[in-house]
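Only one structure is covered here, and it is reproduced in the block below.
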Amino acid sequence: MNGFQNVVSDSNRNEGPQSIRSDDTSDATHSTSPVTRGCLRRTKPATPGKYVGEANAAVILEVAKAVGAYLELSDVLGALITTLKPIVEFGAVGIVVRDGEYARLHSYCTEGAQPEHHDSVQRLLERYASDLDMEPLRTRIRINDHHLSVIMSSREPYVCADVETQRRFLTDDDFLKYGIRSYVALPLTKRGELIGVVDFLSVKCHSFTTEEVTLLRDVSHMLSIRVSNALAYEQTNVLKKQLQIENLLLQDEILERSIYEEIVGSSTSLQKVLAAIDKVARTDSTVLVTGETGTGKELIAHAIHRRSPRSARALVKVNCAALPSELIASELFGHEKGAFTGALQQRIGRFEAANGGTIFLDEIGELKMEMQIALLRVLQEKEFERVGGNRTLRTDVRVIAATNRDLHQEVCNGRFRMDLYYRLNVFPVHMPSLRERPGDISILIDYFAARLAGRMGKRIRQIEKRTLDAMLQYSWPGNIRELQNVIERGVILAEGEVFRLEPGALQSGPSQTLSPFARVPIGLAASAGCSKAERVNAI
């Protein structure tokens with residue numbers, strides 16, 4: 001076939017696979033190691049003696065060096081060809097592993113080939129087949145159609161001296177297409193378990209002497225360790241990737257739960273806010289969040305940052321109302337050592353710390369006029385100086401500001417700079433009060449009651465109707481923050497599984513005065529109320 005000379009006698013071609021046993025006296029000159037053969041004729045009689053043993057030991061030493069010198073299994077196979085080619089007739093070597101009911105080609109290397117690192121065996125065979133204008137070899141085949149099945153039964157090497165006359169498996173047909181005329185397959189084991197075979201393939205008919213098979217079997221013992229490690233590494237990589245995917249999904253789930261952890265409800269006004277967040281988050285535009293105290297303006301800032309391209313960097317928060325006027329410049333822009341009494345070392349400011357990320361300026365309406373000028377420069381020029389310093393620093397930061405004041409009215413009253421107002425009011429987001437979303441109150445009650453009860457190790461199954469009616473009719477001047485505090489107090493005092501408030505627990509106080517953002521009259525909530533089954537949005 002293909003011009004190759006047949007070196008196997010006709011009588012031997014008709015013989016099936018046999019096993020050479022230790023008591024076989026018909027061929028006493030050979031090793032007693034059993035070998036399953038498709039052909040029994042030996043072209044090279046064994047040469048016993050000390051020289052052969054020492055020569056094999058030297059070869060094994062070279063193989064051991066080759067096996068230990070490379071990380072990639074394909075490189076190891078290439079080194080095997082280089083080391084063993086002068087001694088054993090073969091030009092390619094392949095590793096086939098057990099994969100359930102299938103035999104899978106794991107690694108393959110041919111003489112003179114230079115596979116690209118990290119190339120899959122499928123890609124390697126496709127490239128090789130393309131050069132020959134042929135269909136690529138199958139990399140996965142049922143074990144019953146592969147010579148691996150013979151080795152699974154015998155646990156001994158399998159020799160096919162002439163594939164054309166001795167073919168028994170589908171793989172033999174594939175070998176013939178590629179001009180492979182003979183091969184020897186040796187078991188790869190791990191702790192007594194067969195994990196696969198190593199095939200030494202030749203384009204010539206070759207009966208592989210017992211001495212050659214013995215040598216290759218010693219080689220296969222060393223390969224078994226490498227193949228076992230490679231399979232373990234593959235499995236580790238699969239599990240690692242799976243774990244990474246699960247971690248990403250878990251992180252997404254955590255983010256989805258926490259981004260709008262307390263932005264709960266299904267009202268139309270709230271849905272408009274969430275839609276606005278989704279639109280503006282992907283941009284770098286400045287956002288001005290307005291709304292009454294306790295409506296959750298900081299949660300809006302968190303949600304925008306988490307969904308923005310800057311989410312990998314920090315969200316730096318500054319409460320402008322909580323800082324003394326003499327320290328706010330140092331807090332925002334930092335200071336140099338010795339800039340003022342007590343400045344014992346250099347300190348970076350919040351804008352510098354937020355570089356590449358987002359800065360959230362809460363209660364922006366409380367800034368003094370001189371600080372408004374400094375802030376305007378940062379927004380316009382993206383640069384500032386530390387207090388006591390003369391070096392101009394640049395910053396790449398997104399600004400989200402929040403206030404419970406009507407900044408437009410503050411501008412009219414001369415308490416807020418008009419130019420700063422327009423710089424901040426690029427994309428306004430108004431967080432509605434509870435009076436503007438009365439249908440969400442019962443959902444929020446269920447949500448906070450269950451959440452707070454879980455934290456305290458209690459179980460709340462019902463809400464007293466009188467309590468629910470009172471909470472729906474209350475104006476909630478402190479909005480969600482007040483609602484949460486009232487529910488927390490009720491859960492602490494609860495002695496059973498029914499949530500109730502004592503009469504008079506909801507008292508109107510000085511905070512009842514509506515803010516400039518109130519648009520819904522007090523008492524509108526009395527007409528509201530929705531079932532627990534309504535959807536809770538926790539994006």
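Of everything in region 34-61 that's assigned to a helix (DSSP H, G or I) and surrounded by 15 or more Cβ atoms within 10 Å (Cβ to Cβ), which residue is modelled with the lowest pLDDT?
Taking region 34-61 as the starting set, the residues that turn out to be assigned to a helix (DSSP H, G or I) are 50-61.
Filter once more, keeping what is surrounded by 15 or more Cβ atoms within 10 Å (Cβ to Cβ): 55-56, 59-60.
On the way: 55: 63, 56: 70, 59: 78, 60: 80.
It comes out as 55.
So residue 419 passes all but one of these: (1) in contact with a Ser or Thr (Cβ under 9 Å, 6 or more places away or on another chain); (2) closer than 24 Å to residue 383 by Cβ; (3) among the acidic types (Asp, Glu). Which condition number does it fail?
Condition (1) is where residue 419 drops out.
Search region 335-362 for residues that are free of Cβ contacts under 8 Å to residues at least 40 places away in the same chain and pair each with any residue that is of a type in the set (Ser, Thr, Tyr) when their beta-carbon atoms are under 8 Å apart and the residues are at least 6 apart or on different chains.
Within 8 Å, the pairs are 347/330; 349/330.
With the structure loaded, tell me whether residue 269 is assigned to a helix (DSSP H, G or I) and crowded, with 17+ Cβ neighbours inside 10 Å or whether it fails that test. Even if it seems obvious, please write down each step before you answer.
On the way: assigned to a helix (DSSP H, G or I): yes; crowded, with 17+ Cβ neighbours inside 10 Å: yes.
Yes.
Could you check how many residues of region 81-121 are under 39 Å from the mean Cα position of the chain (by Cα), in a loop (DSSP other than H, G, I, E, B) and modelled with pLDDT of 80 or more?
Residues that pass the stated criteria total 2.
Go through region 430-476 and count every residue that is outside any helix (DSSP H, G or I), of a type outside the set (S, T, N, Q) and either assigned by TED's automatic domain parsing to the domain that holds residue 277 or in contact (Cβ under 8 Å) with a residue 60 or more places away in the chain (or both).
Residues of region 430-476 that are outside any helix (DSSP H, G or I), as a first pass: 430-433, 437, 456-464, 474-476.
Within this subset, residues satisfying the condition of being of a type outside the set (S, T, N, Q) are 430-432, 437, 456-461, 463-464, 474, 476.
Narrowing further to those that are either assigned by TED's automatic domain parsing to the domain that holds residue 277 or in contact (Cβ under 8 Å) with a residue 60 or more places away in the chain (or both): 430-432, 437.
Residues in region 430-476 being outside any helix (DSSP H, G or I), of a type outside the set (S, T, N, Q) and either assigned by TED's automatic domain parsing to the domain that holds residue 277 or in contact (Cβ under 8 Å) with a residue 60 or more places away in the chain (or both): 4 in total.
Here are 394, 306, 377: which of them is out of contact with any Pro (no Cβ under 8 Å at 6 or more places or on another chain), of a type in the set (D, E, K, R) and buried (at least 18 other Cβ atoms within 10 Å of the Cβ)? Walk me through how you get there before you give the answer.
Numbers: 394 fails: buried (at least 18 other Cβ atoms within 10 Å of the Cβ); 377 fails: buried (at least 18 other Cβ atoms within 10 Å of the Cβ).
Residue meeting the stated conditions: 306.
Which of the residues that make up region 329-363 are modelled with pLDDT under 85, part of a strand (DSSP E or B) and surrounded by 15 or more Cβ atoms within 10 Å (Cβ to Cβ)?
Correct list: 347 only.
Go through region 383-429 and report how many residues are of a type in the set (Phe, Trp, Tyr) and either within 20 Å of residue 351 (Cα to Cα) or in a helix (DSSP H, G or I) (or both).
Matching residues across region 383-429 total 3.
What tally of residues in region 477-501 results from selecting those that are outside any loop (DSSP other than H, G, I, E, B) and either basic (Lys, Arg) or surrounded by fewer than 15 Cβ atoms within 10 Å (Cβ to Cβ) (or both)? Steps first, answer last, please.
First pass over region 477-501, keeping only residues outside any loop (DSSP other than H, G, I, E, B): 479-493, 498-499.
Restricting the remaining residues to those that are either basic (Lys, Arg) or surrounded by fewer than 15 Cβ atoms within 10 Å (Cβ to Cβ) (or both) gives 481, 485, 489, 492-493, 498.
Going through region 477-501 one residue at a time, the tally reaches 6.
The values are calculated or read from the model by the stated rules, or taken from the named source; none is laboratory data. What you see is a predicted model; the values in this text were computed from it and never measured. Cβ sites come from the backbone with ideal geometry, for glycine too, and all protein chains shown count toward neighbours.
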